[in-house]
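The values are calculated or read from the model by the stated rules, or taken from the named source; none is laboratory data. Note that this is a predicted model, so its numbers are computed, not measured. Note: ideal-geometry Cβ built from the backbone for every residue, glycine included; neighbour counts use all protein chains shown. Areas reflect the complete protein model, heavy atoms only, side chains present, ligands, DNA and RNA absent. Shrake-Rupley method; radii C 1.70, N 1.55, O 1.52, S 1.80 Å.
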Amino acid sequence: MPTLTKLYTMQEASQHNTKDDCWIVIDGKVYDVTSYLDEHPGGDDVNNESPKWPAANDLLEGKDATDDFEDAGHSKSAKELLQSFCIGELDTSSPIIPELEISSKREAVKYSEKLMDLTKQYWTIPVAIVGISVLVGFLYLHKK
């Protein structure tokens with residue numbers, strides 16, 4: 001006999017995205033992990049830039065965090081512990097705000113493209129600094 005659980009939309013879950021109120025969505029279930037943030041071995045740093053909590057970062061972007069949670073290599077005991085934070089299930093009948101996912105993908109691509117362009121444009125600056133440093137070192141040693 002199935003149990004009745006509360007259903008949440010991705011939009012509802014994504015509104016809980018701070019250290020004081022943090023929900024994540026994994027495998028179609030919604031977890032309130034607020035009380036666990038301080039105990040998490042990866043730390044409690046929850047923001048879009050943090051590599052420590054990629055699952056929370058996905059939620060901030062309005063996405064399911066299943067892949068990031070699995071990729072982090074959580075142990076069996078960590079997965080069992082996660083179940084204790086389950087507060088409901090994801091309502092799959094409602095649309096998952098595709099605008100958030102599309103814009104986040106676009107921004108990620110733009111950022112990596114900009115970084116590659118800067119790397120290609122300005123590779124000469126660090127090479128010149130190293131070259132000048134080596135030249136000055138040789139001149140200094142040659143004077144002695």
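Tabulated data
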{"item": "Cα→Cβ-extended label distance, 7 Å offset, between Val130 and Ser112, nm", "result": "2.5 nm"}
{"item": "Most to least packed among 82-90, 8-16 [average Cβ atoms within 10 Å]", "result": "8-16, 82-90"}
{"item": "FRET E, pair Gln15, Ser35, Förster distance 22 Å, beta-carbon r, rounded to 0.05", "result": "0.75"}
{"item": "Candidate residues Lys6, Lys144: accessible-area rank, largest first, probe 1.4 Å", "result": "Lys144, Lys6"}
{"item": "Filter on Lys19/Lys79; Lys19/Lys110; Lys79/Lys110 - keep pairs with C-alpha separation over 23 Å", "result": "Lys19/Lys110; Lys79/Lys110"}
{"item": "Other-chain or far-sequence residues with amide H under 5 Å of Ile87's (modelled H)", "result": "Val30, Tyr31, Asp32"}
{"item": "Note, ³J(HN,Hα) from phi for region 33-41, Karplus 6.51, -1.76, 1.60, rounded to Hz, x at Gly and Pro", "result": "9, 3, 6, 9, 3, 5, 8, 4, x"}
